[in-house]
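One structure below.
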Amino acid sequence: MEIKVTKVEQSKLGSVDFDNLQFGRTFSDHMFVAEFENGEWTNFQIKPYSNFSISPASAALHYGQTIFEGLKAYRNKAEEVVLFRPEYNCQRLNDSAARMCMASIPEEIFMEGLRQLLKIDQEWVPRKAGSSLYIRPFMFADEEFLGVKPSSKYKFVIITSPASTYYAGAVKVKVEKKYVRAAEGGVGMAKNGGNYAASLYPAKLAQDQGFHQLVWTDSKTHEYIEEAGTMNIMAVINNVIITPSIEKLTVLKGKTRDTVLTLARAWGLSVEERPIRVEELKNAHENGTLEEVFGVGTAATVAPISLISIDDVSYDVPHLQEGLFSQKVAQYLTDLRLGLVEDENNWMQKAF
């Protein structure tokens with residue numbers, strides 16, 4: 001594929017304080033854009049980061065055909081720019097596209113656009129420990145039409161943003177039993193904008209009460225934990241790592257989730273992917289078998305949870321003790337990205 005490249009006249013790099021990055025606030029010089037029309041992807045471009053011109057009748061604005069992904073580029077000890085399992089994100093984007101009745105993006109276009117974009121903007125990958133270049137591929141409907149049907153035109157775009165950690169320190173969460181993130185048969189497994197829009201109001205209510213995030217429960221009974229806002233959730237009870245199953249398609253199929261479970265099994269630990277009752281967490285806390293609870297995700301990486309509120313009762317959770325699984329796996333992933341440990345699973349790839 002041939003990509004037309006138009007570079008910025010003046011880079012913004014000199015104006016960026018890489019020691020004080022806020023997540024999702026600073027954007028790199030360029031972006032990759034591809035267009036889908038007449039059944040094929042075309043017009044591949046890398047151009048200066050800039051606004052789009054969109055019709056007021058765009059199907060994305062009216063019917064919510066918009067999906068996205070999130071991954072990161074890192075700088076390892078050899079000063080190489082590396083990616084962590086990027087093909088997983090391409091596949092999940094296409095899973096979301098299928099559920100939202102959108103065009104799929106060939107892996108060649110996804111990867112080649114990403115690699116050339118990163119090569120041009122490689123100096124935007126931070127060198128400071130704990131920082132990375134957050135990568136946001138997304139797709140939206142681009143047909144000018146007000147009828148309720150799948151769009152015939154789409155834009156696929158990749159933008160990047162140098163960022164520090166998403167959460168600073170341990171996280172306080174509230175188990176949500178009124179509002180719903182996803183229902184069986186819905187679009188919970190798709191990374192689409194509507195899922196996040198629906199979560200904003202209940203999340204704001206929780207944040208007003210001093211919590212960082214919600215732990216969503218099932219839509220029928222609110223008895224079972226599903227996921228935690230921006231993260232999949234895991235608990236260690238009686239030396240067993242437990243996380244909600246993704247079989248019902250109400251939980252996002254997280255890359256970090258899959259990675260952590262793969263490592264746990266390789267290290268000989270017991271893992272269960274199954275429904276987790278809210279009462280099970282509460283009982284485990286009361287009888288002393290709840291060893292830790294943590295979230296996992298691209299933005300959050302591995303985020304320890306220090307407090308869980310259930311029915312307005314707060315439960316402190318161990319999170320700073322040495323030897324916790326979450327600390328071990330977080331350190332391993334950091335070392336893996338830096339190239340300090342052997343990549344036995346071939347998860348790391350040079351970006352270009």
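Values for this structure:
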| item | result |
| --- | --- |
| Some residue of the stretch 114-121 being over 17 Å from the mean Cα position of the chain (by Cα), acidic (Asp, Glu), more than 24 Å from residue 231 (Cβ to Cβ) and buried (at least 21 other Cβ atoms within 10 Å of the Cβ) | yes |
| From the options 208, 218, residue that is farther than 30 Å from residue 33 by Cα, acidic (Asp, Glu) and without any contact (Cβ under 8 Å) to a residue 24 or more places away in the chain | 208 |
| Criterion: under 16 Å from the mean Cα position of the chain (by Cα) and on the phi < 0 side of the Ramachandran plot - qualifying residue of 220, 248, 204, 255 | 255 |
| Qualifying position, being surrounded by fewer than 19 Cβ atoms within 10 Å (Cβ to Cβ) and either in contact with a helix residue (DSSP H, G or I) (Cβ under 7 Å, 6 or more places away or on another chain) or over 24 Å from residue 300 (Cβ atoms) (or both), among 86, 106 | 106 |
| The listed residue being of a type outside the set (D, E, K, R), closer than 21 Å to residue 297 by Cα and in contact with a helix residue (DSSP H, G or I) (Cβ under 7 Å, 6 or more places away or on another chain), out of 240, 251, 260, 215 | 260 |
| All positions within the stretch 65-84 that are touching a residue at least 60 places away in the same chain (Cβ under 8 Å) and within 21 Å of residue 24 (Cβ to Cβ) | 66, 67, 68, 69, 70, 71, 72, 73, 74, 81, 83, 84 |
| Condition met for residue 301 (within 30 Å of residue 110 (Cβ to Cβ) and in contact (Cβ under 8 Å) with a residue 12 or more places away in the chain) | yes |
| Filter result for the condition that a residue is at pLDDT 95 or above and within 30 Å of residue 120 (Cα to Cα), over 150, 202, 162 | 162 |
| The stretch 85-99, residues that are among the polar types (S, T, N, Q) and touching a residue at least 24 places away in the same chain (Cβ under 8 Å) | 89, 96 |
| The stretch 1-58 - residue that is acidic (Asp, Glu) and more than 27 Å from the chain's Cα centre (by Cα) and, of those, least open to solvent (accessible area, probe 1.4 Å) | 37 |
| Cβ pairs under 7 Å, 6+ apart, first in the stretch 276-296 and in contact (Cβ under 8 Å) with a residue 40 or more places away in the chain, second acidic (Asp, Glu) | 277/223; 278/223 |
| Pairs, first over 28 Å from residue 101 (Cα atoms) in the stretch 151-164, second of a type in the set (S, T, N, Q) and not in a loop (DSSP other than H, G, I, E, B), C-beta under 9 Å, six or more apart | 162/132; 163/132; 164/132 |
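The values are calculated or read from the model by the stated rules, or taken from the named source; none is laboratory data. Note that the structure is predicted; figures quoted are calculated from it, not measured. Glycine gets a Cβ as well: all are built from the backbone with ideal geometry, and neighbour counts include every protein chain shown. Note: accessible area is taken over every heavy atom of the protein model, side chains too, but ligands, DNA and RNA are not part of it. Shrake-Rupley method; radii C 1.70, N 1.55, O 1.52, S 1.80 Å.
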